[in-house]
Number of protein chains: 2
Amino acid sequence: MQAEQGMNRNSTGWVLSLRLVKPSLSDNTADADRLKKAIEAETGCPVKIGIGLVRKLPRALRDWDFCLKCVVMISGGVCELVDILPPGHRDPIAGLAIDLGTTRVAFRLICLESGRTLAESGIDNPQVSVSPDILGRVHYSDTENGLSNLHRLIIDGINREISHLCNRAGISPDRVFLAVVSGNTTMAHLFSNVPCTHIIREPYIPAFNAPGAFMACDLGLGLRDSAHVYIVPSVGSYFGGDLISGAVLAGFQDMEDIAILVDVGTNAEVLLGNRDWLVACAGAAGPALEGGMSSIGMTAAPGVIDAVAIDPDTRKMEIHTIGGEPATGICGSGMIDLAAQLFISGMIDIRGRIVREACGGRWIEKDGTCGIVVVPEGESATGSPLVISQVDIDSLIRSKAAMYTILETLTAWVGIGFNEIQTFFVAGTFGSYIRPESAIAIGMLPDLPKERFSVLGNSSLGGAALMLQSQKAVEDAEKIRDRITYIELNVNQDFMNRFSAARFLPHTDTSRFPSVEWSRK
Amino acid sequence: MQAEQGMNRNSTGWVLSLRLVKPSLSDNTADADRLKKAIEAETGCPVKIGIGLVRKLPRALRDWDFCLKCVVMISGGVCELVDILPPGHRDPIAGLAIDLGTTRVAFRLICLESGRTLAESGIDNPQVSVSPDILGRVHYSDTENGLSNLHRLIIDGINREISHLCNRAGISPDRVFLAVVSGNTTMAHLFSNVPCTHIIREPYIPAFNAPGAFMACDLGLGLRDSAHVYIVPSVGSYFGGDLISGAVLAGFQDMEDIAILVDVGTNAEVLLGNRDWLVACAGAAGPALEGGMSSIGMTAAPGVIDAVAIDPDTRKMEIHTIGGEPATGICGSGMIDLAAQLFISGMIDIRGRIVREACGGRWIEKDGTCGIVVVPEGESATGSPLVISQVDIDSLIRSKAAMYTILETLTAWVGIGFNEIQTFFVAGTFGSYIRPESAIAIGMLPDLPKERFSVLGNSSLGGAALMLQSQKAVEDAEKIRDRITYIELNVNQDFMNRFSAARFLPHTDTSRFPSVEWSRK
């Protein structure tokens, strides 16, 4: 059989073009077994063919003269035949990457033959109507019909967007054969209609970590009937598939040098290691890094301040808003920029205290709290001045100190210094806007040379898309997941000592931040 | 985890009683992964858990204090979790073995915990209403709705019988978690609603040989929602799962000595070998061996003659009918007995010609053909004499010659003599009534010592039941199937020479049948 068999695997690995040896009296292998063998020879995995496809095979193989395209899904070392198509099939064969964020859900439609992006979009997570934060949703999921309501919300929202997205790409949702879904562990549960209440109760046990692939119809997704959905595996309750996607996108599976991946958000999730070893941890950093706590904090959107510059000599402040529109508020990266600039220009001191005399006309007091006017009344979109208060700054400092302490604790646990980290990946939707210089200036990230930082953008979506663009990326995700040692951070005296030392700008031990010392007036 | 984990695998291997280590901060494996690991440790196979069961897990594990019973199905090296039950669960957990015969469908309900038989029954294959033979059904399946009609007929018939059978056993069909279905290749296709037209067209290609396990609901079977159905694999169009079941029941997988398994019917299917090598072939023997061609031939039923004895001195004929009722006809084994006795008593000669002077008053001529009265008019149930005609005898001799030639050709191909065969298994529903002495006397089976013959009865049902009684039997079926070399019998000059020589009673070469020579008057 081998001799005559012609095969071609496309660049993504998900669509195989096969030319089977035609059956003869001397080779009377059954249709399904013939196809299995050909796919096995190509993928090296045992192959499963569902009864629905077995029923189609005899006629299809003969109509197509034993040449065909096969869409496959390989996970956990098993190859499932998703669908079969005629060899000259020209309609797009698409896959959908979904980043299942708590706040936003992002989509990227990929051509499974070329790996090209066909369309991209995002929606607010419709579960926000139940609760903006994941904890609120988990509690709600425990009420009557709570879980199924949350499941319906996210599935209906995704299905609506699938229609729009496919429409925009000029294809039918019926042309989507595969989906890769990447999200934090709780979102993956809510998406799959799987109880998640134990994720937030000691000892914090998810129902699944590595569920593999399911049928889209079993999840209610409006894709092709035969479509398979791969859920990116997670390591535990606090280290989800979104991080694994990020690790794959960063390329940990092939990394010789030591690298670190940090997902900056309410939870700081950190992965440290290389292709040989991987250590992960997660810890609460507080919402300040996402602009959550501040009275003017918002998530990135048009009109939101995402960058700030202060002339160290004149202390003239320049703000940049998304889309250049009048300012409505400030997002996390804007907040970090602002704090860094305030500190470098001397408008706040090493404890984060507002230095009234350095602020001039920007100093303000309201409800017994002092603050700094970032955007005056007349220039803001709200009609009120946008003010960062002492409370906001204190909150940010706690968050940045927590983040730094987590990084310090993890590297100390492994026994390496920050300088041994060759690449420092900053991940997460929010992370994509961070300027490492600013994060270093406030002592949130270690003072490494700028070129060692790599900002990945939405690495959860990027990693999920990569898994549709390359079958190897799914293998990598599973390998990375299996190799990770998850460290439960002990908030002990050591941790608290480190945290206290990090509650200065940039740090009590200024020798750790030579570049900041140098730039600061 | 291993240290505390207590497990117990029941005798059949399909029900695991597991005591999982409870999760803790130092062992926060997810529920599904925890269960997978425990099942993997027990079965040595990768485990698949469907989304439906994942959804049940978190509550079930905690309600049951991490102790549970798991029903599993292992095939093709993969373990699928069928269902989970509380640890103290006392209701029966049943499996259903189905022999999917062309004419009869037989059922055996098995307790999956003890391996005991709970009930047994059989029905006529409802597809007989379309066509009594498989060829007619294949042709019909190619007409509009033909396949789905045939599928519905068999599934509806099976579902009705499942109700009766379960009722008789005092359990609900909902208690049946597994089914093992064993039938010829075409019946397996019709059962699964899979096109089978190419099975009868050169080069005779089935849609599947080793489909593995499906969900009962995907096949329309009225068992538990979560039930899995294992279809015993076949080797090709003419060597079906029924034969593989027989081979497992015979124990080829552990056999040191050479054995042969013969399924006697319209098709003679033969398996030769031992645990190290296996060779199979199939050939048309004609319907005479099943009593199909003869005017008085019937399948076994009350009133049908299944054994005949003729006093060699007085030529007094004694017949035995099933249930001792007045004779209605003669079945295949009765026919073989009759021919053997007629020959030994000299009433037919070595060419099978009726010896008029030896038959006395039993000789009869009708429509220009002579015959022998087996049951006189007054003693039969039909009101007419039951007569075996010269045409019937000629037809039987062709069939027995074909059978012997197939056996001779296969052993010659392997290069062994009949005397090297230590056990000669006779299989098939019909085969269960054959008396080897009679089959030897007419030269249908080789002249081996009587103790080497082993009559297996309905080995398709027996093998399927064994697979429910022992998980190893499914492994054995797959190993046996994979090891079989199927020989396409060439009907060449060699074959025709052997066939001609075998068209005598017992054979042209009487030295091959010393025991017959000795017994014959």
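The values are calculated or read from the model by the stated rules, or taken from the named source; none is laboratory data. These figures come from a predicted structure and were not determined experimentally. So basically every Cβ, Gly included, is an ideal-geometry build from the backbone, and we count neighbours across all protein chains shown. Side chains are part of the model used for accessible areas, which takes the heavy atoms of the whole protein and leaves out ligands, DNA and RNA. Shrake-Rupley method; radii C 1.70, N 1.55, O 1.52, S 1.80 Å.
Tabulated data
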| read-out | value |
| --- | --- |
| Shortest-first nm distances, A:Cys67 label point to equivalent points in other copies (7 Å, Cα→Cβ) | 6.3 |
| Pairwise centroid distance, computed over Cα atoms, of region B:391-442 with region A:391-431, Å | 81 Å |
| Label-point gap, in nm, between B:Lys366 and A:Asp509 - each point 7 angstrom along Cα→Cβ | 11.1 nm |
| Charge-dipole axis of region A:14-82 as Lys and Arg at +1 and Asp and Glu at -1 on Cβ define it, positive-most pick from A:Leu57, A:Leu81, A:Cys70 | A:Leu57 |
| Candidate aspartates and glutamates for bridging to A:Lys48, where Cα separation is under 13 Å - those fewer than 8 sequence places away on the same chain excluded | A:Asp33, A:Glu40, A:Glu80, A:Asp83, B:Glu80 |
| Listed residues A:Ala439, A:Gly457, A:Ala381: farthest to the positive end of the dipole of region A:370-491 (Cβ charges) | A:Gly457 |
| Diffusion constant of the protein assembly as shown at 10 °C, which comes from Stokes-Einstein with the Kirkwood Cα-pair radius and 1.306 mPa s, µm²/s | 48 µm²/s |
| Inter-centroid distance (Cα atoms) of region A:267-346 relative to region B:211-287, Å | 68 Å |
| Whole-number Å³ per residue for the convex hull built on Cα positions in region B:399-521 | 123 Å³ |
| Inter-copy label distances at A:Glu318 (7 Å, Cα→Cβ; nm, one decimal) | 11.9 |
| Isolated Cys residues of chain A, judged by Cβ distance under 4.7 Å to other cysteines | A:Cys67, A:Cys70, A:Cys111, A:Cys166, A:Cys196, A:Cys217, A:Cys281, A:Cys331, A:Cys359, A:Cys370 |
| Cβ charges +1 (Lys, Arg) and -1 (Asp, Glu), total dipole of chain A, debye | 800 debye |
| Label point 7 Å beyond Cα of B:Cys217 along Cβ direction - residues of region B:38-72 with amide nitrogen under 12 Å | B:51-53 |
| Accessible surface of B:Val82 - all protein chains present, 1.4 Å probe, nearest 10 Å² | 0 Å² |
| Within region A:351-470, percent of DSSP bridges classed antiparallel, to nearest 5 | 65 percent |
| Largest to smallest accessible area among B:Trp14, A:Trp363, B:Trp413 [probe 1.4 Å] | B:Trp413, A:Trp363, B:Trp14 |
| Normalised contact order of chain A, rounded percent, pairs of Cα under 8 Å and 6 or more residues apart | 14 percent |
| Spin-label model distance (nm) - B:Asn419 vs B:Asp156, 7 Å beyond Cα toward Cβ | 5.8 nm |
| Value of Rg/Rh across region B:339-433 [Cα atoms, Kirkwood radius] | 1.10 |
| Calculated SAXS-style log₁₀ I(q)/I(0) at q = 0.12, 0.13, 0.18, 0.22 Å⁻¹ - region B:93-214, Debye, Cα scatterers | -0.45, -0.53, -0.91, -1.21 |
| Among beta bridges that DSSP assigns inside the protein assembly as shown, antiparallel share in %, nearest 5 | 70 percent |
| Within region A:234-388: Cβ-based charge dipole about Cα centre, in debye rounded to nearest 20 (Lys, Arg +1; Asp, Glu -1) | 500 debye |
| Listed residues B:Arg452, B:Arg90, A:Arg152 arranged by accessible area, highest first, probe 1.4 Å | B:Arg90, A:Arg152, B:Arg452 |
| Chain lengthening between A:Asp27 and A:Asn497 when straightened (0.36 nm per residue, less Cα-Cα) | 161.8 nm |
| Cα convex hull of chain A - mean projected area over all directions, nm² | 26.6 nm² |
| Percent breakdown of C-alpha pair distances by 5 Å bin, ordered from the shortest bin, for region B:289-381 | 3, 15, 24, 27, 22, 9, 2 |
| Around A:Leu223: net Lys/Arg minus Asp/Glu count, Cβ-Cβ under 10 Å | 0 |
| Signed unit charges on C-beta, dipole axis of the protein assembly as shown, positive-most listed residue A:Ile98, A:Trp14, A:Met496 | A:Ile98 |
| Dipole moment magnitude, nearest 20 debye, region A:61-128 about Cα centre, only Lys, Arg, Asp, Glu C-beta charged | 120 debye |
| Exposed GluC sites (Glu not before Pro) absent: longest stretch of chain A, with sites in DSSP loops and at most 15 other Cβ within 10 Å deemed exposed | A:257-487 |
| Hydrodynamic radius (Kirkwood) for region B:57-165, which is based on Cα pairs only, to one decimal in Å | 16.8 Å |
| Rotation relating A and B, chain B residue nearest the axis via C-beta, angstrom | B:Val78, 3 |
| Pair A:Glu379, A:Arg59: separation of 7 Å Cα→Cβ label points (nm) | 7.0 nm |
| Cβ-vector label at 7 Å, B:Met496, separations to other copies in nm | 10.1 |
